[in-house]
Amino acid sequence: MNRTATRLLIAIAVIGFVAPLLTAQNAAPGAKTLSALKNAPVTYLFPEQVNLPAGKPTAVALHFRVAQGLHINSHTPSDEFLIPTNFSIPEGAGVHLDSASYPAGTLTTLPADPATKVSVYVGEFVIQARITAARGNHLVEGKLRFQACNQNQCMPPKTIPVAIDVIGK
């Protein structure tokens with residue numbers, strides 16, 4: 001390897017090591033950087049199991065919590081380039097998602113663009129799912145797709161499992 005290539009590799013390594021440190025130092029006092037946050041920006045709370053009449057559409061309330069200091073875009077974000085929160089159940093699970101009703105988001109402004117209001121979820125929120133199950137016990141792994149952000153930046157979109165034991169009687 002020649003000297004120029006070696007120097008380039010060393011420069012890239014140094015930048016990769018120093019850049020996160022500089023970002024953390026330049027953050028507002030008390031602000032958390034996204035790299036310092038836990039791996040669970042959104043947690044599925046409950047229910048873990050539901051009993052419902054087989055073949056009949058039934059309402060199920062799915063409870064979630066957004067980590068403190070974060071928000072996620074609502075199901076109907078304020079701008080088309082924002083990634084909406086969406087719940088789904090895969091085909092062939094023995095359970096069909098007939099519909100999902102999402103709560104209204106909270107309108108808020110962000111320091112980067114105080115003139116624009118964005119529709120977000122913070123704290124706890126509930127999605128009202130209407131599902132139909134075949135007779136029997138079905139371990140369903142639904143999915144919640146969202147994009148979490150703090151006041152300054154957003155994480156890449158993420159999908160978390162929403163495990164529900166559905167018993168169709």
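FYI, it's all coordinate maths here, none of it is from the lab. These figures come from a predicted structure and were not determined experimentally. Backbone-built Cβ (ideal geometry, glycine too); neighbour counts: all protein chains shown.
A simple charge model with +1 on the Cβ of Lys and Arg, -1 on the Cβ of Asp and Glu and nothing else charged puts the dipole of the range 51-169 at about 340 debye relative to its Cα centre.
Seen from I72, the other residues with C-beta closer than 14 Å to its C-beta sum to a net charge of +2, counting Lys and Arg as +1 and Asp and Glu as -1. Of the peptides 63-71, 42-50, 94-102, the order by per-residue mean of other Cβ atoms within 10 Å, starting with the highest, comes out as 63-71, 94-102, 42-50. Net charge around E48, counting only other residues with Cβ within less than 14 Å of its Cβ (Lys, Arg = +1; Asp, Glu = -1)? Around E48, the surrounding residues sum to -2.
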